[in-house]
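Visitor: Shown below is the structure under consideration.
The values are calculated or read from the model by the stated rules, or taken from the named source; none is laboratory data. Keep in mind that what you see is a predicted model, and the values were worked out from it rather than measured. Quick reminder, even Gly has a Cβ in these numbers, built from the backbone with ideal geometry, and neighbours come from all protein chains shown.
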Amino acid sequence: MSERVVVVGAGTMGAGIAFLAARGGYEVVLIDPDAAAIERARTRIRASAERAGDPSIAARVRSAPTIPSDGSALLAIEAVPERIELKSVVMRAMAAAVRPDGLLATNTSALSVGALATDLPDPSRVLGLHFFNPPEAMKLVEIVHAPSTADAAIEAAYAFVERIGKSAALTADTPGFIVNRVARPYYLQALRALEHDVATVPELDALARSVGFRMGPFELMDFIGLDVNLATSESVYARTDAARLIPSALQRRLVEGGRLGRKSAKGFYDYSNGVPEPLDLRVAAPEATEPLRERVAIVGCGGVADELHELLAPRYAHVARIENEELLDELALDTTIVIDVGDGTTDRVATIAQLDSLLGPETVILADAYASDVSAAAARMRHPERLIGYGVLSSLERQSAIEVVDAESASDDALVLAQELFETLGKGVVLVEDVPGLFLGRVVGSIVNEAVVAVHEGVASAEDVDLAMRLGTNYPIGPIAWGREIGGARIARILQRVAAHDGAAFAPHRSLWVLDVEEEGEAEPLDPFAMRAASPVDEA
Ligand code: NAD
């Protein structure tokens, strides 16, 4: 028997899905009452088939204005407009198009798959296959299981996704599934940072790119369309009612003012003369010449302290390392720069005050502005002008630019010295306002927190969350893996500071700390989902 797949709706998503199924060797029937939509889809499928070097792909796609009722397809998937009544009617018709064991799938982004399933004769064969735009290029498909979805249906969906050359992440039927939910803080916290005047839009975008995001949040919102992005935020928020995911009033004002991004030529950027050149913060580390004569001391322990030591040692004639602050007395009094790294999780205000009293006024002190309130520290100092806050999330290697706090109390000389130090290491610098979490701490910390909450709530396994975010949104690293790298306690510390400033809704989730315990191999994995006996994929 032929292996037939019915795709309903020949628009942006349907045309791409039909191509993928045909490329996977299925015989495809593409349904759309709009003949022009079919024609556009056919042109697109032919072009994709040409690019794939196999015109026979296009020949495997037939089209029709209505859904067949011959009960012969293995799978029917709908990609019609996002209206529940329309999808309900379409899925009922699809039930007659598939074999008795055939799958009924919806490509919905925001509706409940379970709600769509209840109307159908056999809800156990109904699931979500959530593709990303453009389906031809995006590697991820989220398989959405409703409470009624049978294990066999999920297994069959995995087989289909694999055969069309994509990777699957399994998600519960919850608002935004994995990707559209865990990505929310990328936009929402970036918008909050902008409202707090942390830095300019091009600077914030450049900072995001400096840690590996393909596009900064603002250029990405302009690309997606501010209205579309806002609608997703509103829909996730409406269904979760989680205060930390409250949509942005600033974004709503921009949408109401017609600033929708690229499509209206104005969003966060102006596109009337084309797409503006993104701000590039990269600097080349200067050739190592004579070691610089400044004396540098690194205070603290952990990865960033080790990294700084390794990077600075060849560049500076004198680099001291003080791991334990009880040994601060050993600091040479003519030290030019002290970099206080701490342990990344504890407040350093007292240590900074101690350094201030020990060292001559010429010494510049750099302090971790994610863990500590550098403005509060400055207020307690004899020489606040020498204190500069900086932010390295988890490692210098992972970021090509550093946020440096441009505090009112800081002297220009101290700022220049800090800037030069990072530039010597080949790192760009963005001067930012001292707002808790600065930009990267706030944004990345909130993404990791959302990922942890999603795993905790059983939306998906930690592995699938990471896979989904890497493939569905091109994150440089999965948020759970990133969280382990930064450290749960460090993220919790950053978010506690954010919450003290922005409101309790933004507080860290208690499961964040589990990331660290796991690292030490002392606890069960952060994976209530995988631990459930009923994980169908594990059984397969
Ligand atoms: P689209 O508007 O490009 O295409 C929808 C198509 O469905 C149109 O060609 C329309 O003629 C057709 N249609 C309408 N009624 C129909 C019916 N009764 N039977 C058959 N065809 C019918 O929409 P899209 O962007 O492809 O989105 C489709 C679905 O995919 C939505 O549920 C959307 O939420 C979801 N989705 C979209 C994206 C995206 O980025 N566009 C990404 C993921 C998921």
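Visitor: Being more than 11 Å from the ligand (Cβ to nearest atom) and closer than 19 Å to ASN133 by Cβ narrows it down to one of ALA21, ALA79, ALA49, so name that one.
Guide: ALA21
Visitor: Could you figure out which of (1) at pLDDT below 95; (2) closer than 30 Å to VAL144 by Cα isn't true of GLU457?
Guide: The one condition GLU457 does not meet is (1).
Visitor: While we're looking at this one, here's another question. Testing GLU155 on (1) out of contact with any strand residue (DSSP E or B) (no Cβ under 8 Å at 6 or more places or on another chain); (2) assigned to a helix (DSSP H, G or I); (3) within 16 Å of the ligand (Cβ to nearest atom), one condition comes back false. Which one is that?
Guide: For GLU155, the failing item is (3).
Visitor: Among all residue pairs at least 6 apart or on different chains, which show Cβ distances below 6 Å where the first residue, located in segment 143-156, is within 10 Å of ARG125 (Cβ to Cβ) and the second is part of a helix (DSSP H, G or I) and among the basic types (Lys, Arg)?
Guide: Hits for this filter: ALA153/ARG125.
Visitor: If you scan segment 42-81, which residues turn out to be part of a helix (DSSP H, G or I), of a type in the set (D, E, K, R) and either touching a residue at least 12 places away in the same chain (Cβ under 8 Å) or at positive phi (or both)?
Guide: ARG42, ARG44, ARG46
Visitor: Any residue that is surrounded by fewer than 20 Cβ atoms within 10 Å (Cβ to Cβ) and at positive phi - is there at least one of those in segment 395-403?
Guide: no
Visitor: It is to be established whether one or more residues within segment 415-426 are touching a residue at least 40 places away in the same chain (Cβ under 8 Å), assigned to a loop (DSSP other than H, G, I, E, B) and surrounded by 24 or more Cβ atoms within 10 Å (Cβ to Cβ).
Guide: no
Visitor: Select from segment 185-211 the residues that are of a type in the set (Val, Ile, Thr), in contact with an Asp or Glu (Cβ under 9 Å, 6 or more places away or on another chain) and surrounded by fewer than 22 Cβ atoms within 10 Å (Cβ to Cβ) and list them in ascending order.
Guide: Answer for segment 185-211, where residues must be of a type in the set (Val, Ile, Thr), in contact with an Asp or Glu (Cβ under 9 Å, 6 or more places away or on another chain) and surrounded by fewer than 22 Cβ atoms within 10 Å (Cβ to Cβ): just VAL201.
Visitor: Within segment 221-232, can you find the residues that are touching a Gly at 6+ places or on another chain (Cβ under 9 Å), surrounded by 18 or more Cβ atoms within 10 Å (Cβ to Cβ) and of a type outside the set (Val, Ile, Thr)?
Guide: Matches in segment 221-232: MET221, ASP222, LEU226, ASP227, ASN229.
Visitor: Now, a different point. Can you tell me which residues in segment 256-278 are under 13 Å from ASP227 (Cβ atoms) and under 23 Å from the mean Cα position of the chain (by Cα)?
Guide: Within segment 256-278, LEU260, GLY261, ARG262, GLY267 meet the criteria.
Visitor: Also, I was wondering about something else. Could you count how many residues in segment 337-374 are more than 17 Å from ALA297 (Cβ to Cβ) and either surrounded by 23 or more Cβ atoms within 10 Å (Cβ to Cβ) or more than 29 Å from the chain's Cα centre (by Cα) (or both)?
Guide: 7
Visitor: With the condition kept exactly as written, say whether any residue in segment 30-41 is over 31 Å from the mean Cα position of the chain (by Cα), part of a strand (DSSP E or B) and more than 15 Å from the ligand (Cβ to nearest atom).
Guide: No, the conditions are met nowhere in segment 30-41.
Visitor: Take the residues of segment 2-16 that are more than 6 Å from the ligand (Cβ to nearest atom) and of a type outside the set (Gly, Ala, Ser): which is surrounded by the most Cβ atoms within 10 Å (Cβ to Cβ)?
Guide: Looking at the filtered set, the residue picked out is VAL7.
Visitor: Which one of ALA297, ALA265 is touching a strand residue (DSSP E or B) at 6+ places or on another chain (Cβ under 9 Å), buried (at least 18 other Cβ atoms within 10 Å of the Cβ) and without any contact (Cβ under 8 Å) to a residue 60 or more places away in the chain?
Guide: From the options ALA297, ALA265, the qualifying one is ALA297.
Visitor: Run ASP101 past the list (1) within 7 Å of the ligand (Cβ to nearest atom); (2) part of a strand (DSSP E or B); (3) farther than 17 Å from PRO175 by Cα and report the number of the one that doesn't hold.
Guide: Result: ASP101 passes all but (1).
Visitor: Can you tell which of VAL182, VAL161, VAL141, VAL126 is farther than 16 Å from VAL465 by Cα, of a type in the set (Val, Ile, Thr) and surrounded by 22 or more Cβ atoms within 10 Å (Cβ to Cβ)?
Guide: Result: VAL126 is the single residue among VAL182, VAL161, VAL141, VAL126 that is farther than 16 Å from VAL465 by Cα, of a type in the set (Val, Ile, Thr) and surrounded by 22 or more Cβ atoms within 10 Å (Cβ to Cβ).
Visitor: Ok, one more. Considering segment 296-318 alone, what residues qualify as being closer than 16 Å to ASP368 by Cα and part of a helix (DSSP H, G or I)?
Guide: Listed by number, the residues that qualify are GLY303, VAL304, ALA305, ASP306, GLU307, LEU308, HIS309.
Visitor: If you don't mind, there's one more thing I want to ask. Which condition number does SER148 fail, the rest of (1) closer than 17 Å to ARG4 by Cβ; (2) more than 11 Å from the ligand (Cβ to nearest atom); (3) not aliphatic (A, V, I, L, M) being met?
Guide: Of the numbered conditions (1) closer than 17 Å to ARG4 by Cβ; (2) more than 11 Å from the ligand (Cβ to nearest atom); (3) not aliphatic (A, V, I, L, M), the odd one out for SER148 is (1).
Visitor: In contact with a strand residue (DSSP E or B) (Cβ under 7 Å, 6 or more places away or on another chain), surrounded by fewer than 24 Cβ atoms within 10 Å (Cβ to Cβ) and either basic (Lys, Arg) or in contact (Cβ under 8 Å) with a residue 40 or more places away in the chain (or both): is that true of ALA169 in this structure?
Guide: It is false that ALA169 is in contact with a strand residue (DSSP E or B) (Cβ under 7 Å, 6 or more places away or on another chain), surrounded by fewer than 24 Cβ atoms within 10 Å (Cβ to Cβ) and either basic (Lys, Arg) or in contact (Cβ under 8 Å) with a residue 40 or more places away in the chain (or both).
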